[in-house]
Amino acid sequence: QLSLGERIAGALGGAVETRAVRAVQDVSLQLARGEVLGLVGESGCGKSTLGRMIAGILPPTTGSVTIDGAPVMSGGRHPRKRTTRVQMIFQDPYASLDPRMRIGDALAEGPVAHRLSARADAAAYVAAWLRKVGLDPDAAQRYPHQFSGGQRQRIAIARALAMRPDVLVCDEPVASLDVSIQAQVLNLFLELRRALSLTMVFISHHLGVVRHVSDRVAIMYLGGIVEIGPAASIYDDPQHPYTRALLASVPQLALQGDVVATFTPIAGELPSPLAPPPGCPFHQRCPLAEPRCRDQVPEMRPVGPQHAAACHVLQPG
Ligand code: SF4
Ligand code: MG
């Protein structure tokens, strides 16, 4: 079980102002082993920051992330070294692969250092992981630039999984790929999660992308989760006005690669995280906003089985 403590706040230095931005605040999440959680929101909502905190790359200023009770990295001034139990996959696989290193060496490095494979067996260990992600084991002899974007993402996935993580955090893993390749890589995630019972946090700005890989989906807005529930409830019975707007705003990407164009942009601009609005963070853009939304922060409340949302106008249950 992966748990995020009661109050997680990630402080990031603002690029323009010196004041720190609370990129993520008051997030509380639990993830069961074998579960895939989709984390969705517009760019700047804090989903990457939350992903990095889950992976132990970025320490929270307060709060904690634990796996089976053990901290991934504790908050405070002296965070511990990050765990290898969480591995992360990024949007740009090229940036995370050393261009001068053969794929085989890049994939063997971590598992040998952490005794998941003996050095003598490393080539066979790497070959097995390359096969699992649909690549020819000959790929081990080559360098990152000799592969396409989709192949490089497969390599990044193999390298992360070869560390036998308890949790895999994927931050926009298909966003930089062509639509047809996106579908192939999403299908690979589906196959791998079935074969390996992966526990994953799957981050995307695109609701259509996480639909088929996620058991549950959490919707983020301005650093907080505004709705969370089983994927079927989020897609078929969304409750929060922001989730509804988000669903109406994106072309739906089917796994087969069909794109159904239904584009209705969400009214208004995303407020600056440097000056978050008082009350409900969505009130300036919300078609249902009431006077109390301007000064009262809505709490997360149950709106259905395992389904919760933070909105004043929703009826509990
Ligand atoms: Fe809209 Fe008010 Fe609900 Fe916020 S609390 S989403 S402003 S109705
Ligand atoms: Mg991001």
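The values are calculated or read from the model by the stated rules, or taken from the named source; none is laboratory data. Predicted, not measured: the structure shown is a model, and the values here were computed from it. When we count neighbours, we look across all protein chains shown, and the Cβ atoms used for this are built from the backbone with ideal geometry, even at glycine.
Kindly check whether there is at least one residue in region 197-218 that is within 16 Å of ligand 2 (Cβ to nearest atom), of a type in the set (S, T, N, Q) and within 18 Å of the chain's Cα centre (by Cα).
yes
Would you check which residues across region 127-150 are part of a helix (DSSP H, G or I) and under 20 Å from S197 (Cα atoms) and list them?
A128, W129, L130, R131, K132, listed by residue number.
Residues that are of a type outside the set (G, A, S) and modelled with pLDDT under 95: which strands (runs of 3 or more DSSP E) entirely in region 151-225 hold 3 or more of them?
Result: empty, no element qualifies.
Looking at (1) within 19 Å of M163 (Cα to Cα); (2) modelled with pLDDT of 85 or more; (3) outside the structural domain of R193 (by TED's automatic domain parsing), which is the only condition I67 fails?
Tallying (1) within 19 Å of M163 (Cα to Cα); (2) modelled with pLDDT of 85 or more; (3) outside the structural domain of R193 (by TED's automatic domain parsing), I67 fails exactly one: (3).
What's the total number of residues in region 134-164 that are out of contact with any helix residue (DSSP H, G or I) (no Cβ under 9 Å at 6 or more places or on another chain) and either outside the structural domain of V112 (by TED's automatic domain parsing) or on the phi > 0 side of the Ramachandran plot (or both)?
Number satisfying all stated conditions: 0.
Restricting region 270-284 to residues that are touching a residue at least 12 places away in the same chain (Cβ under 8 Å) and more than 10 Å from ligand 1 (Cβ to nearest atom), which is nearest to P241 (Cα to Cα)?
Ranking the qualifying residues of region 270-284, first place goes to L270.
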